[in-house]
Amino acid sequence: MIKILLIEAVSDDAGSVEQQLREEGLRFSLTRVASTEDMEKECRDATPDLILADYSLPGVNGIAALRIARVLCPEAPFIFISRDVNEERAVEVLKHGATDYIFRQNLARLVPSIERALRETSERNLARKTEKAHKIHRERQSRLLEVSLEMLSETSLDGILLPITKSACFMTGARIGMIAYGDRPDSLRFFAATRAGEPLPTGDRTLPVKKGGVHLALLNKVDVLNLTDDMLRNHNEWRGMPEGHPRLRGLLGVRLIGEDDNACGFIMVSDKIDGGDFTGEDLMLLNQLAAVASLTMRNLAGREALQAGRDELERRVGERTSELARTVATLQGEIAERRQTENELLKSQERNALVAIGANDGIWDWDIASGQVYFSARWKSMFGYEEYEISNSIDEWKKRIHPEDFDSVMTALDAHLMGDSPLFKVEYRMRHKDGSYRWILTRGASFRDTRRKSYRLAGSHTDITEKKQAEEKLLASHESLRNLSSHLESLMEKERKIISREIHDDVGQLLAALKIDVSWLANRLPADKPALTEKARAMAELIDVTVETVQRIATELRPQLLYDLGLSTAMEWHADEFRKRTGIECHLSLNIGRLKLDPARSTALYKIYKEALTNVMRHAGATRVNVSLKKKKKGIMLQIKDNGRGIRDTEINDPKSVGLIGINERAHLWGGETQISGVADEGTILTVVIPIG
């Protein structure tokens, strides 16, 4: 059963995650916490197998929780579950060590992601254990080789006892090493030492047991003594250890073979450091040590016994030395085979890791040094080829890249190989077998050596042709709509011009004539009729107000100041009007010098400016507005900043925000860009850039 720690402050969201896990049939126990403090306590009390976390936690973001988990539970996979569909955030958390980033809208990915993460964690743990076992084995084999060479340099039997016992401890993981040796059937000489090489008390150097020791007759009957701790405690012959000698805990012993192939002693180890019983590998290594020790001891014994026959001694030493060399060669061969196995295992692990990164459609794996590439069957079929029709050469890929895309693809590849980009990701066209071109998205990652040089690159190819075609159609549709909008705007501007002129000329002239008539009439009223005189005066004032209204409407329809005196003057006039109507301070900074804008662009900027001030008046709750107009490399930049409540993201993206939509459309008609942002209680900034040329 999987132990899952869920970090989620919202109960409903936690319930939906748990329900998804149960519906998928996952066997698990789930502990939910709502804060990083509770998470730390749970991780310290019981390390979870898996951590699921909402990215947005109270008072802390998801990356901080991830860092805490990587300290307390470095091996546990960490998967984010977020309501926000934010690919940049997903890439960021993966860079910080997260296992995956799941959108709540796609919880169906959760259980496969969990299973993959747990499987990869298990594989990594197995690889580490295997590597550790291999390392220990290599160290033990190396020690065997060292002690073999060390024993060869000794000239007396006593001189090799300590190296033998120390090596026996090192290779089997024991604390105590012992050697019993001799050629008399009644008693064996005995030597014992700790793993650190400290000799242990052994009484009169006979085997310290009650019944006279382990006799050669017993050794000739058994090849191996392997007594567990319980067996040893119940074995009468091993109870009489001398005072001050450590109590034996488990015993493993193998025979030493003399000249006549009979037993001449035992190498023994006791008290395994990890508290367990001795294993078959311990027995194999001890047997190898016994073989080398037997050979060395026989050589020494033969040297001491055959002082008079030097020729015979040299012959025997030569034979035994050859046997030892063959043993060493055999050991070196085994070490080489194990290293080769380890390298193959490492390559397999690397390939699995790379495929996990790039697996999507067609898979490829490039050995950069040799130039050989593995192309999956799916990769080849994407371009209409059978598996046998494409060789394992990098040129098979390069020669199919569209000529117009080749340089950009190679630039992206070189940048990744040089370490300038974390991933190799590029979109381009590749030639199909039928001669057509398909749009491809390539994603991959490389392994690097200790000098950060890439030696292997693998990833995937995804066919995005249909997506590209849809994008082109959408762009064409948008362009048609913008052209239509531009045409309609042009027609509306012409119509405004006509209406403005007719209102100004015709209606204005009629009102002027009416005022003259009213004034003439007022001057001819009888003096004794004050009510009529007052009524005439009120009519004249009403005509004046009507004249001002007509002028204002005509100006708003087509501001004559904009066309006669330019954009800057029109903006200053409107700022004054805005201050009078709203009481909001409006400060202008107009730095376009002698730049002459065409009427169409001036009109677009002026209307954007008016619409922005209208939005400030209606929605911002501001007391001050700063407006700047500057010439930039990209064009002319209009920026409007207020000190109001600050626009919210939901308002920026609201399809009912007609004013903002109009601003965007006016800018886009001229190939311009708009950017709007707000900070709560600090205000809103609108920036518009329109190309001049």
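The values are calculated or read from the model by the stated rules, or taken from the named source; none is laboratory data. Owing to the predicted nature of the structure, the values given are computational and were not obtained by experimental measurement. Here Cβ is always computed from backbone atoms with ideal geometry, including for glycine, and neighbour counts include all displayed protein chains.
Observations on the model:
- Residues located in region 581-605, provided they are of a type in the set (S, T, N, Q) and touching a helix residue (DSSP H, G or I) at 6+ places or on another chain (Cβ under 8 Å): 582, 602, 603
- Residue within region 386-398 that is farther than 20 Å from residue 365 by Cβ and either without any contact (Cβ under 8 Å) to a residue 40 or more places away in the chain or of a type in the set (Gly, Ala, Ser) (or both) present: no
- Number of positions in region 620-644 that are in contact (Cβ under 8 Å) with a residue 24 or more places away in the chain and either acidic (Asp, Glu) or surrounded by fewer than 17 Cβ atoms within 10 Å (Cβ to Cβ) (or both): 10
- Extreme residue, surrounded by the most Cβ atoms within 10 Å (Cβ to Cβ), among residues of region 33-82 that are assigned to a loop (DSSP other than H, G, I, E, B) and aliphatic (A, V, I, L, M): 76
- Failed condition for residue 598, given (1) out of contact with any Gly (no Cβ under 9 Å at 6 or more places or on another chain); (2) farther than 16 Å from residue 570 by Cα; (3) among the acidic types (Asp, Glu): (2)
- Test result for residue 641, more than 23 Å from residue 600 (Cα to Cα), assigned to a strand (DSSP E or B) and charged (D, E, K, R): yes
- Taken as a whole, the structure places residue 647 among residues that are buried (at least 17 other Cβ atoms within 10 Å of the Cβ) and either among the basic types (Lys, Arg) or assigned to a loop (DSSP other than H, G, I, E, B) (or both).
- Residue 324 falls short of the stated requirement of being under 23 Å from residue 173 (Cα atoms), at pLDDT 75 or above, crowded, with 17+ Cβ neighbours inside 10 Å and among the aliphatic types (A, V, I, L, M).
- Looking across region 606-632, the residues that are farther than 14 Å from residue 572 by Cβ and either touching a helix residue (DSSP H, G or I) at 6+ places or on another chain (Cβ under 9 Å) or hydrophobic (A, V, I, L, M, F, W, C) (or both) come down to 607, 608, 611, 612, 614, 615, 616, 617, 618, 619, 620, 622.
- Count of residues meeting criterion [loosely packed, with under 12 Cβ neighbours inside 10 Å, of a type in the set (Ser, Thr, Tyr) and part of a loop (DSSP other than H, G, I, E, B)] in region 386-435: 1
- Residue match in region 669-691 (condition: assigned to a helix (DSSP H, G or I), more than 22 Å from residue 589 (Cα to Cα) and assigned by TED's automatic domain parsing to the domain that holds residue 568): yes
- Residue match in region 460-469 (condition: in a strand (DSSP E or B) and either free of Cβ contacts under 8 Å to residues at least 40 places away in the same chain or in contact with a helix residue (DSSP H, G or I) (Cβ under 9 Å, 6 or more places away or on another chain) (or both)): yes
- Every pair of residues 6+ apart whose Cβ atoms lie under 8 Å, when the first sits in region 1-30 and is farther than 14 Å from residue 42 by Cα while the second is of a type in the set (Phe, Trp, Tyr): 1/28; 2/28; 21/28
- Restricted to region 445-459, and to residues there that are among the basic types (Lys, Arg) and free of Cβ contacts under 8 Å to residues at least 60 places away in the same chain, the residue that is farthest from residue 424 (Cα to Cα) is 451.
- Residue pairs meeting the criteria (Cβ under 6 Å; at least 6 apart or on separate chains; first of a type outside the set (Gly, Ala, Ser), in region 671-692; second loosely packed, with under 15 Cβ neighbours inside 10 Å and not in a loop (DSSP other than H, G, I, E, B)): 676/652; 685/677; 687/675
- Residue check, residue 12 crowded, with 19+ Cβ neighbours inside 10 Å and not hydrophobic (A, V, I, L, M, F, W, C): no
- Within region 279-308, residues that are closer than 17 Å to residue 334 by Cα and of a type in the set (Asp, Glu) have Cβ atoms under 7 Å from residues that are in a helix (DSSP H, G or I) and modelled with pLDDT of 75 or more in these pairs: 282/172, counting only partners at least 6 apart in sequence or on another chain.
- Checklist (1) surrounded by fewer than 20 Cβ atoms within 10 Å (Cβ to Cβ); (2) not in a strand (DSSP E or B) applied to residue 93, failing item: (1)
- Whichever residue in region 582-616 is more than 26 Å from residue 644 (Cβ to Cβ) and hydrophobic (A, V, I, L, M, F, W, C) and, among such residues, is modelled with the highest pLDDT: 592
- Residue 464 satisfies every condition listed in (1) surrounded by 11 or more Cβ atoms within 10 Å (Cβ to Cβ); (2) out of contact with any Leu (no Cβ under 6 Å at 6 or more places or on another chain); (3) at pLDDT 75 or above except (2).
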